[in-house]
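The values are calculated or read from the model by the stated rules, or taken from the named source; none is laboratory data. Predicted model only: the values in this text are computed from it and were never measured. Here the Cβ positions follow ideal geometry from the backbone for every residue, glycine too, while neighbour counts run over all protein chains shown. Areas reflect the complete protein model, heavy atoms only, side chains present, ligands, DNA and RNA absent. Shrake-Rupley method; radii C 1.70, N 1.55, O 1.52, S 1.80 Å.
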Amino acid sequence: MSIRMATFVALAVGACAHARAQPTPATISLDEASTRVERNHPALAGFAATRDVLSAEAELAALRPSPRLGLDIENALGSGSASGFDGAELSFGLGSVIERGGKRPARVAVAERRREALASAEDAKRLDLLAEVARRYLDLVAAQAEETIAGDAVAQRTHTLRATKRRFDAGASPASVHLAAQAELARANLELVRAQQAQAAAALRLAIMWGGNDAIGLRADMATPFIPTVPAFADIDGLLATTPELRRYADEERLREARVQLARSEAHADIEWRVGVRRLQATDDWGLVGSVTLPLGTRPRAAFAIRAAEAEREAVRHEREAGLLDLRSVLAEAHARLNARALEANHLRDEVIPRFDAAAAAAERAFRAGAASQLEWSQLQAETTTLKRQQLAATVEAQRALIEIQRLTGHAFGATAQRTSTP
């Protein structure tokens, strides 16, 4: 399974064409941000060095036992006739070890399983990093949307201030109404400044992911997040078996099985052999010498290592089952959160906010006609802005839950999601 997840996380915060912000030189897409992180993050770069280490260990494991060259001296530096080297006998020999029981293939298998396990660990780390990129990118999109809402609130308060000034100048309302409108505009401007600061902070947090130090002017290439479609739990539950998190257990099980085979190979004693020549000092002749050594008691000793290796192999199977249960629990919680937040965001967008917009418009007409107070109009404007922020927060939480689902499963969802931006 490919773990190039820029596409999958892009689906989590994608937006329709009409929701795209105008491109600027400092605009960045999620795909580009993910590419920068993959290229520059030290956590991924470290896997290349680890891979070289494991490759070297695999090559070392494939080597056969080295031959040994020996020199023996007997009857030298003793006493009497054995003093000095006059009666010394020299033996030159070449020896090595014959490995039995398939030790060399077992060593190679262990090294290969370790390399395979590294690939799953790298995939899992990449998935975690790209999911974090998606979350930070979502924060940037949400901050931009919050800035838009704050800007709309400023425009509303400015419009209200002008209306109250006309009524004040005409003597139709007291000065307190006009002053209150001025205060509300000042507060709306403060919220706009805070939203702009939050947007700058979110841009810097995103840039730090690839080692960036300057995020001034950096903006996401979409205006607002969209409300995702909720996939059925049955559709995503079955995908957990192929995730890097569970593949890690499968790799670990294969590694421990290879260690079981290596432990079993130790039950077969290796044969040490040596052949050479000896110089007979008394007759100045040369003779052939040889030896074969076979250790005893290796099978009982190996039985303990075999039992330990088999127990470790069984333990990882139980760990995988427990890990699957934990992942399913997290997945179920994320799915429930996605369902609840998407429902809330859709209801606010379709049922609640339009009615408050209509109520605010009616209050404005009533205020201009002298049938409603500025307070009623202002309260409806404030409630509308609050609801838009609530809908944005619900949408962002739904997107966060979707990103978590995609991180857990390693698959993309939402290709058929409704492409509707928040108000």
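Out of the residues in the stretch 206-232 that are open to solvent by 40 Å² or more (accessible area, probe 1.4 Å) and of a type in the set (A, V, I, L, M), state the one that is modelled with the lowest pLDDT. Outline the logic, then answer.
Start the filter on the stretch 206-232 by keeping residues that are open to solvent by 40 Å² or more (accessible area, probe 1.4 Å), which leaves 208, 211, 213-214, 216-217, 219, 229-230, 232.
From what's left, of a type in the set (A, V, I, L, M): 208, 216, 230, 232.
On the way: I208: 91, I216: 77, V230: 87, A232: 89.
Once the filter is applied, the top-ranked residue is I216.
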Practice item. Check the stretch 266-276 and report whether any residue there is open to solvent by 60 Å² or more (accessible area, probe 1.4 Å) and aliphatic (A, V, I, L, M). Key: yes
Check your understanding: Which residues, taken from the stretch 200-239, are part of a helix (DSSP H, G or I) and not aliphatic (A, V, I, L, M)?
Key -> R205, F233, D235, D237, G238
Point to revise | Residue within the stretch 192-210 that is of a type in the set (A, V, I, L, M), in contact with a Ser or Thr (Cβ under 9 Å, 6 or more places away or on another chain) and over 30 Å from L140 (Cβ atoms) present | key: no
**Study point:** Criterion: at pLDDT 85 or above, in contact with a Ser or Thr (Cβ under 8 Å, 6 or more places away or on another chain) and farther than 30 Å from L71 by Cα - qualifying residue of R313, R349
**Key:** R349
Exercise for review: Test each condition in (1) open to solvent by 70 Å² or more (accessible area, probe 1.4 Å); (2) modelled with pLDDT of 85 or more; (3) over 16 Å from D123 (Cβ atoms) for P25 and report the one that comes out false.
Suggested key: (2)
Exercise for review: Working only within the stretch 235-256, note down all residues that are more than 16 Å from G410 (Cα to Cα) and open to solvent by 60 Å² or more (accessible area, probe 1.4 Å).
Suggested key: R254
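Quick check on this structure: which one of A203, A188, A163, A195 is under 30 Å from A33 (Cβ atoms), touching a Lys or Arg at 6+ places or on another chain (Cβ under 8 Å) and surrounded by 15 or more Cβ atoms within 10 Å (Cβ to Cβ)?
So the residue among A203, A188, A163, A195 that is under 30 Å from A33 (Cβ atoms), touching a Lys or Arg at 6+ places or on another chain (Cβ under 8 Å) and surrounded by 15 or more Cβ atoms within 10 Å (Cβ to Cβ) is A203.
State whether one or more residues within the stretch 173-194 are aliphatic (A, V, I, L, M) and under 30 Å from E312 (Cβ atoms). Break it down stepwise before answering.
Taking the stretch 173-194 and keeping what is aliphatic (A, V, I, L, M), we get 175, 177, 179-181, 183, 185-186, 188, 190, 192-193.
Narrowing further to those that are under 30 Å from E312 (Cβ atoms): none.
No, the stretch 173-194 has no match at all.
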Check your understanding: Quick one: would you say L262 is buried (at least 19 other Cβ atoms within 10 Å of the Cβ), of a type in the set (A, V, I, L, M, F, W, C) and out of contact with any strand residue (DSSP E or B) (no Cβ under 7 Å at 6 or more places or on another chain)?
Key -> yes
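Give the stretch 147-181 a look and list any residue that's of a type in the set (D, E, K, R) and either within 53 Å of the chain's Cα centre (by Cα) or under 14 Å from F367 (Cα atoms) (or both), or say none.
E147, D152, R157, R162, K165, R166, R167
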**Study point:** R157 being basic (K, R) and open to solvent by less than 30 Å² (accessible area, probe 1.4 Å)
**Key:** yes
Check your understanding: over 25 Å from the mean Cα position of the chain (by Cα) and either surrounded by 15 or more Cβ atoms within 10 Å (Cβ to Cβ) or modelled with pLDDT under 90 (or both) - does that describe any residue in the stretch 393-406?
Key -> no
Exercise for review: Would you point out the residue of the stretch 123-154, among those that are among the β-branched types (V, I, T) and either outside any helix (DSSP H, G or I) or in contact (Cβ under 8 Å) with a residue 40 or more places away in the chain (or both), that is surrounded by the most Cβ atoms within 10 Å (Cβ to Cβ)?
Suggested key: V141
Practice item. Run R157 past the list (1) in contact (Cβ under 8 Å) with a residue 60 or more places away in the chain; (2) under 30 Å from A369 (Cβ atoms); (3) part of a loop (DSSP other than H, G, I, E, B) and report the number of the one that doesn't hold. Key: (3)
Exercise for review: Inspect the stretch 64-76 for any residue being over 27 Å from G410 (Cα atoms), open to solvent by 90 Å² or more (accessible area, probe 1.4 Å), at pLDDT 50 or above and in contact with a helix residue (DSSP H, G or I) (Cβ under 8 Å, 6 or more places away or on another chain) and give the result as yes or no.
Suggested key: yes
Review point. Are any residues in the stretch 341-381 small (G, A, S), open to solvent by 40 Å² or more (accessible area, probe 1.4 Å) and closer than 25 Å to F226 by Cα, and if so, which ones?
Key: A358
Review point. So D285 clears everything in (1) of a type outside the set (K, R); (2) out of contact with any Leu (no Cβ under 7 Å at 6 or more places or on another chain); (3) in contact (Cβ under 8 Å) with a residue 60 or more places away in the chain except one condition, right? Which one?
Key: (3)
